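Asks: Following this message is one structure expressed as structure tokens.
The values are calculated or read from the model by the stated rules, or taken from the named source; none is laboratory data. From a predicted model like this one, the values you see are computed outputs, not experimental measurements. Using ideal geometry, Cβ is built from the backbone for each residue, glycine included, and neighbour counts are taken over all protein chains shown. The area values use the complete protein model at the heavy-atom level, side chains included, leaving out ligands, DNA and RNA. Shrake-Rupley method; radii C 1.70, N 1.55, O 1.52, S 1.80 Å.
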Amino acid sequence: MYIYNSASRKKEEFKPNDPSIVKMYTCGPTVYHYAHIGNLRSYIMEDVLEKYLRYQKYNVKRVMNITDVGHLTSDADEGEDKMLKGAKREQKSVMEIAQFYTDAFFDDCKKLNIKRPDVVEPATNCIDEYIKIITKLIDTGYAYLAGGNVYFDTSKLNQYYIFNDFNEEDLQVGVREGVDEDTNKKNKNDFVLWFTKSKFEDQALKWDSPWGVGYPGWHIECSGISMKHLGDDLDIHCGGIDNAFPHHTNEIAQSESYLGHHWCNYWMHVHHLNTTSGKMSKSDGEFLTVSLLEQKGYDPLVYRMFCLQSHYRKTLLFSWENLDNATKTFDKLINKIAALNPDDGDMNQEVFDQFHQKFSDALGNDLNTSLALTCVYDILKFDTSDKTKLAVIDDFDYVLGLDLLKKAEIKRQANKAAAKATAGAAEYQVIAEDGAADAEIEEKLKNRYAAKKAKDFATADQIRDDLKAAGIEITDIPNGVKWKKI
Ligand code: AMP
Ligand code: ZN
């Protein structure tokens, strides 16, 4: 597999350190609110990566943190605590907020067929890990105490920027958001490892530490949790592109300074889902969640398909019109699959292998999901048995996660029921006992039959009563009805 590595800014062949296990780490959600569908774009594409690695027969251990402490409203360490803000908004405790939105996040993931990582670890579970790392960083001169907080000293590094050549303006994150610079910092990019003092209202969750009662910074979480579960090295680290700086840059700084060696080999960053007014966020305009999509009548898997239609390294523009188009494409695809006959012909292993390879090659080229989707259309058009086509689609769907066969089977059953109902209606006879056919009465009696079939007995009875009032008597017979004027 070739994957674009944001750290080298090149597509590279993927080779895990230990071929028997791929160690994968994902930055999890900050659980102060629902995830928006932009956040979920990142998790969908990371899910595709994980499933593709498994499809390629790798053993994968994937770890995800849950940020329930330390993430401030500014990624540059200034700003209010997001969890505290959420708790105040809903008049609940921080832990209640964390539990509620963690559950909501995994409910959304389930609806989008995003597999739960092997390890899910709340940041508040690993305080000892952070203290261990920070202690060593202070002892080795990489961190310092100032104004009650512990900071990482970025001037101690040979290379701080990993993912981009940042210019001065890009570095003004905190300043741009209207926040005063932290005067405790020796260098502009230094970041907090441990807080005991914040100029904002105090955190509810605090722990004892060698530097006083306080709480960890956001970045140290991911280093601590990754090392706890995956050890001293990592194959792939994922996240949305906004995580590249400062979050991932700081993770690398502190992890490598602590370990004394290179830490993670591949960095995969998913680009943003934007709306016409810019990057999607939880505070601006319409807050787009999976529940909102459902309320508007969209199948969450249509959104997954929408994400797969474009490359993860391109910004994706969300609009209702785009989602409507994805719905049409998805429905058409399901109809095509539903038209296949599961009992048709024999399984052709050669064709299966050929398509398996084609699909692998598409995804093996830096996760080209749109090309992988076209493989589904290619097999549908290919001259082979329906049985083979269905087996190939099932194989693809392990990675695509669109429930293609399940949805096609539901559609097939619905088509069968509709065909039976139509046939039944065609066989239904309306007999005029005195011989004079009447189109209007016939139609009313067929409507009554349709209502009965649909278990709408109120309408059926109403039609009978109306006819009676008009002087028509009806008698049900097997597969039909007789009527006469009285
Ligand atoms: P958060 O809950 O803010 O910690 O973010 C969770 C994940 O969503 C992170 O990996 C972010 O980089 C990612 N993310 C945030 N906004 C977007 C967006 N508009 N499109 C795609 N991914 C995003
Ligand atoms: Zn992280």
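Asks: With the cut-off at 19 Å, tell me which of the pairs Lys420/Lys452; Lys23/Lys132; Lys92/Lys206; Lys444/Lys484 have Cα atoms farther apart than that. It would help to have the intermediate numbers written out before the result.
Replies: Working: Lys420/Lys452 15 Å; Lys23/Lys132 22 Å; Lys92/Lys206 17 Å; Lys444/Lys484 14 Å.
Cα-Cα > 19 Å for Lys23/Lys132; rest within.
Asks: Further question: Per the helix-only calculation at 222 nm, which mean residue ellipticity applies to the chain, given -39500 (n - 2.57) for every DSSP H run of n ≥ 4 and division by its residues, nearest 500 deg cm²/dmol? Numbers along the way, then the final one.
Replies: Values: 16 runs with 217 residues, N = 486.
Only helices count here, giving -14500 deg cm²/dmol.
Asks: Now a separate question. Which order do Leu380, Leu145 take by accessible area at a 1.4 Å probe, largest first? Could the numbers behind the result be given before it?
Replies: On the way: Leu380 25, Leu145 100 Å².
Final ranking, largest accessible area leading: Leu145, Leu380.
Asks: Could you give the length gained by full extension between Ala419 and Lys136, i.e. 0.36 nm per residue of separation minus their alpha carbon distance, to one decimal place?
Replies: On the way: separation 283, 0.36 × 283 = 101.88 nm, distance 7.21 nm.
Full extension from Ala419 to Lys136 adds 94.7 nm.
Asks: Something else: Suppose all protein chains stay in the model; what accessible area per residue would a 1.4 Å probe give for segment 290-408, in Å²?
Replies: On the way: 5310 Å² over 119 residues.
On a per-residue basis, segment 290-408 sits at 45 Å².
Asks: How far, in nm, would the chain grow between Leu371 and Lys61 when pulled straight, counting 0.36 nm per residue and subtracting the alpha carbon separation?
Replies: Contour length minus the Cα-Cα distance gives 108.9 nm.
Asks: In the structure displayed, which of Lys51/Lys82; Lys82/Lys282; Lys186/Lys282 lie more than 21 Å apart, Cα to Cα?
Replies: Working: Lys51/Lys82 32 Å; Lys82/Lys282 12 Å; Lys186/Lys282 33 Å.
Pairs exceeding the cut-off: Lys51/Lys82; Lys186/Lys282.
Asks: Ok, one more. What is the set of long-range amide H partners of Leu273 at a cut-off below 5 Å, with H atoms built 1.01 Å from backbone N?
Replies: Met280, Leu316
Asks: Continuing with this model, one more query. Considering Cα pairs under 8 angstrom that are at least six residues apart, work out the relative contact order of the chain and quote it in whole percent. Working shown, then result.
Replies: On the way: 715 pairs, mean separation 77.7, N = 486.
Computed value for the chain: 16 percent relative contact order.
Asks: Is there a quick way to get the dipole size of segment 290-408? I mean about its Cα centre, with the Cβ of Lys and Arg at +1 and of Asp and Glu at -1; what is the value in debye to the nearest 20? Kindly include the intermediate steps, with their values, before the conclusion.
Replies: Values: 13 positive and 19 negative charges, 106 e Å.
Here the size comes out at about 500 debye.
Asks: I'd like to compare 235-248, 303-316, 7-20: which one has the highest average count of other Cβ atoms within 10 Å, and what's the full order after that? Don't skip to the end; give the middle numbers.
Replies: Values: 235-248: 21.8, 303-316: 19.4, 7-20: 12.4.
In decreasing order of mean packing, 235-248, 303-316, 7-20 become 235-248, 303-316, 7-20.
Asks: Next question. Solvent-accessible area of Val213, probe 1.4 Å, all protein chains present, reported in Å² to the nearest ten, please.
Replies: Only protein atoms counted, so the area is about 80 Å².
Asks: When the solvent-accessible surface of protein heavy atoms is calculated with a 1.4 angstrom probe, in what order do Ile410, Ile44, Ile138 fall, highest first? Intermediate results must be reported in sequence, preceding the final value.
Replies: Details: Ile410 110, Ile44 0, Ile138 50 Å².
In descending accessible area the options line up as Ile410, Ile138, Ile44.
Asks: Here is a further query. Tell me the label-point distance for the pair Trp207, Lys482, using the 7 Å Cα-to-Cβ offset, in nm and rounded to one decimal.
Replies: Here the answer is 8.5 nm between the modelled labels.
Asks: Take every DSSP beta bridge whose two residues both sit in the chain, then give the antiparallel share in percent to the nearest 5.
Replies: Details: 24 of 50 bridges.
Around 50 percent antiparallel, to the nearest 5.
Asks: Let me ask something else about it. Quick check of the Kirkwood formula: for the chain, what is the inverse mean of 1/r over all pairs of different Cα atoms, in Å? The partial results should precede the final answer.
Replies: Values: mean 1/r = 0.0381 Å⁻¹.
Averaging 1/r across every pair of different Cα atoms and inverting gives 26.2 Å.
Asks: In the chain, what percent of the accessible surface is made up of carbon and sulfur (1.4 Å probe, ligands and nucleic acids excluded)? Write down the numbers at each step before the final one.
Replies: Details: 10850 of 22370 Å².
Reported share for carbon and sulfur atoms: 48 percent.
Asks: Under 14 Å from a label point 7 Å along Cα→Cβ of Lys314: give me every residue in segment 260-274 with its amide N that close.
Replies: Residues passing the 14 Å test: 271-274.
Asks: Also: Taking 0.36 nm per residue of sequence separation and subtracting the Cα-Cα distance, how much length would be gained by fully extending the chain between Glu96 and Asn335, in nm to one decimal?
Replies: Taking 0.36 nm per residue and subtracting the Cα distance, the gain is 81.7 nm.
Asks: Please give the Cα centre distance for segment 317-340 versus segment 1-61, rounded to the nearest Å.
Replies: 26
Asks: Here's another thing I want to ask about it. Relative contact order of segment 427-485: what whole-number percent is it, with Cα pairs under 8 angstrom and at least 6 residues apart?
Replies: On the way: 59 pairs, mean separation 26.3, N = 59.
Relative contact order, segment 427-485: 45 percent.
Asks: Could you pull out every one of the aspartates and glutamates with an alpha carbon less than 17 Å from that of Lys111, ignoring same-chain neighbours closer than 8 positions?
Replies: Those aspartates and glutamates meeting the cut-off are Glu46, Asp47, Asp103, Glu294, Asp299, Asp397, Asp403.
Asks: Tell me whether segment 427-485 comes out rounded, prolate or oblate; compute the Cα gyration tensor, take square roots of the eigenvalues as a ≥ b ≥ c, and use a/c under 1.5 as the rounded threshold. Walk me through the numbers on the way to the answer.
Replies: Working: a/c = 1.92, a/b = 1.28, b/c = 1.50.
Oblate.
Asks: When the Karplus curve 6.51 cos²θ - 1.76 cosθ + 1.60 is applied with θ = phi - 60°, which whole-Hz ³J(HN,Hα) does each residue of segment 385-390 get, with x for Gly and Pro?
Replies: Those phi angles translate into 5, 4, 4, 5, 4, 5 Hz.
Asks: Something else: Spelling out what I want: for every residue of segment 50-56, take phi, set θ = phi - 60°, compute 6.51 cos²θ - 1.76 cosθ + 1.60 (Karplus), and round to whole Hz; glycine and proline get x.
Replies: Computed from phi, the couplings for segment 50-56 are 4, 5, 5, 4, 5, 4, 7 Hz.
Asks: Output the antiparallel fraction of DSSP beta bridges having both residues in segment 339-486, as a percent to the nearest 5.
Replies: Details: 6 of 10 bridges.
Taking every DSSP beta bridge within segment 339-486, about 60 percent pair in antiparallel fashion.
Asks: Can I ask one more? In whole angstrom, how far apart do the alpha carbon centroids of segment 240-306 and segment 418-486 sit?
Replies: Going from one Cα centre to the other spans 59 Å.
Asks: What does segment 290-408 give for Rg and for Dmax, in Å, if only its C-alpha atoms count?
Replies: 14.9, 44
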